[in-house]
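Below is one structure; the comments refer to it alone.
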Amino acid sequence: MVELPPVEPVVVEAWRYAARCPHCGATTVADYPAGFEPPRVFGPHLEALWTYLHEQHHVSYARLAALGRDLWHLRVSQGALTHALARVAARLAPQAAAIREQVRASPVIGSDETRARVDGRTYWQWVFQTPTATYHTIVPRRNGAVVQEFVGDAVPAVWVSDLYGPQLNAGAAQQQVCLAHQLRDLQYVVDREQSTWAAECQALFRLAIHRAHQRDAGTLRGAAYTAAVRKIAATCDTLLATPVQGAEASRLWARFRTHRAHLLVFLADPAVPPTNNDSERALRHSVVHRKVTGGFRSSWGAEAHAIVTTVLDTARKRGEGLLATLQAALGGPLVLPSGRPILSPSR
């Protein structure tokens, strides 16, 4: 049988002593110990837990206050909880900025965006990610300026996106368009127009993704893989050589001809994924958060969410515990000095 012991909050009181010099009359006051700074009312474990529950499990401030009261006999206001989250975000901001630079320096970057509600207005949450790091930002714009502000003077080798214009203009040496999006659009054409061309394109893209998986697994390599890639490229050129019938099929045919160089980049570079699914997955958590909480009441709340989500998503990709990551960033557990009194909350 697994059981939890009763949980009670521990209140630790720090005393500062002052001494007056008998010669000059100056008074010297000791500093507070580390972790007992005057603005700090709650310990790092408690603030980390609140942040973890609010940002990762979408527990509202009202519910957090109720949990504290019912589970730990700790009475705290919603205002105190919001201030605690703001302090956590401020502590995590340098770490989020470092993650931003790590993503910018990556040769392959994936990106996507989704709506966010901030103070009753429509904002946009952008994600820029790599296999080992994820950076989030929430801004009132969905244009190319957001991408350019993030990229700066960096020139990624490959940018992976879903064909949204500002992302295509990211300034990368090459683009890889998301084939998952193209497969869905092709399925629509197959269902609507019974297009043989669309079905053949679907089969080709699926085969290309399969060949990449075989390469990564080591079951297809060397000359055999090179020949398979050449055959796929030749088939793609054949499918795009002649105009097709049907309005929707013609629209996709024109799109693929325009972006022919961006369709199969992943076959030449194992570091490039064939889809932008990782970017979409990175935003899924925030979409759930928006639906559960209804959005952010202030811009600082949106910024705090972006900072915390950046740090925790990156920790998840690196196999690190999320709660442990927050606790480490906030200073770790307080070590109680020997003989220091522990006061009950009632005192």
So what are the chain's ellipsoid semi-axes, whole angstrom, largest first, if each one is the square root of 5 times an eigenvalue of the alpha-carbon gyration tensor?
-> 53, 21, 19
Could you list which residues have their amide H under 5 Å from that of Asp112, counting only those 5 or more apart in sequence or on another chain, with H placed in the peptide plane?
-> Val127
If you place +1 on the Cβ of every Lys and Arg and -1 on the Cβ of every Asp and Glu, how big does the dipole about the Cα centre of the chain come out, in debye to the nearest 20?
-> 200 debye
With every protein chain in place, the chain: carbon and sulfur % of accessible area (1.4 Å) = 55 percent
Springs between alpha-carbon atoms under 10 Å, Gaussian network over the chain: tell me which of Ala80, Ala18, Ala62 tops the mean-square fluctuations.
-> Ala18
For Trp300, Trp159, give the ranking by accessible area with the largest first, probe 1.4 Å.
-> Trp300, Trp159
Phi-based couplings in Hz for segment 102-112 (Karplus 6.51, -1.76, 1.60; Gly and Pro marked x) = 5, 5, 4, 7, 6, x, 10, 10, x, 8, 6
One finds, for Glu101 and Ser298 with R0 = 30 angstrom and r their Cβ-Cβ distance, a FRET efficiency to the nearest 0.05 of 0.65
Judged on accessible area alone, 1.4 Å probe, highest first, Ile138, Ile232 line up as Ile138, Ile232
Would you compute, from DSSP H runs of 4+ residues alone, the mean residue ellipticity of the chain at 222 nm, taking -39500 (n - 2.57) per run and dividing by the full residue count, rounded to the nearest 500?
-> -16500 deg cm²/dmol
Between the helical axis of 222-239 and the dominant principal axis of the chain, each derived from Cα atoms, what acute angle in degrees is found, rounded to the nearest 10?
-> 70 degrees
Any idea what angle helix 44-57 forms with the longest principal axis of the chain, computed on alpha-carbon atoms, 0 to 90 degrees, nearest 10?
-> 30 degrees
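What FRET efficiency do you get for Trp15 and Arg117 if R0 is 41 Å and r is their Cβ-Cβ distance, rounded to the nearest 0.05?
Computed FRET efficiency for Trp15 and Arg117 comes out at 0.35.
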Grab the Cα-Cα distance for Arg257 and Ala227, subtract it from 0.36 nm times how many residues apart they are, and report the gain in nm with one decimal.
-> 8.5 nm
Under the 7 Å Cα-to-Cβ spin-label approximation, Ala26 and Asp70 lie apart by a distance in nanometres of 5.6 nm
1/(1 + (r/R0)^6) with r = Cβ-Cβ of Val155 and Val2, R0 = 41 Å, i.e. FRET efficiency to nearest 0.05, evaluates to 0.15
Does anyone have the angle between helix 179-193 and the longest principal axis of the chain? Alpha-carbon axes, 0 to 90°, nearest 10?
-> 50 degrees
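The values are calculated or read from the model by the stated rules, or taken from the named source; none is laboratory data. None of the values given here were measured: they were computed from a predicted structure. Every residue, glycine as well, gets a Cβ built from its backbone with ideal geometry; the counts of neighbours run over all protein chains shown. These area figures cover heavy atoms from the full protein model, side chains too; ligands, DNA and RNA do not enter into them. Shrake-Rupley method; radii C 1.70, N 1.55, O 1.52, S 1.80 Å.
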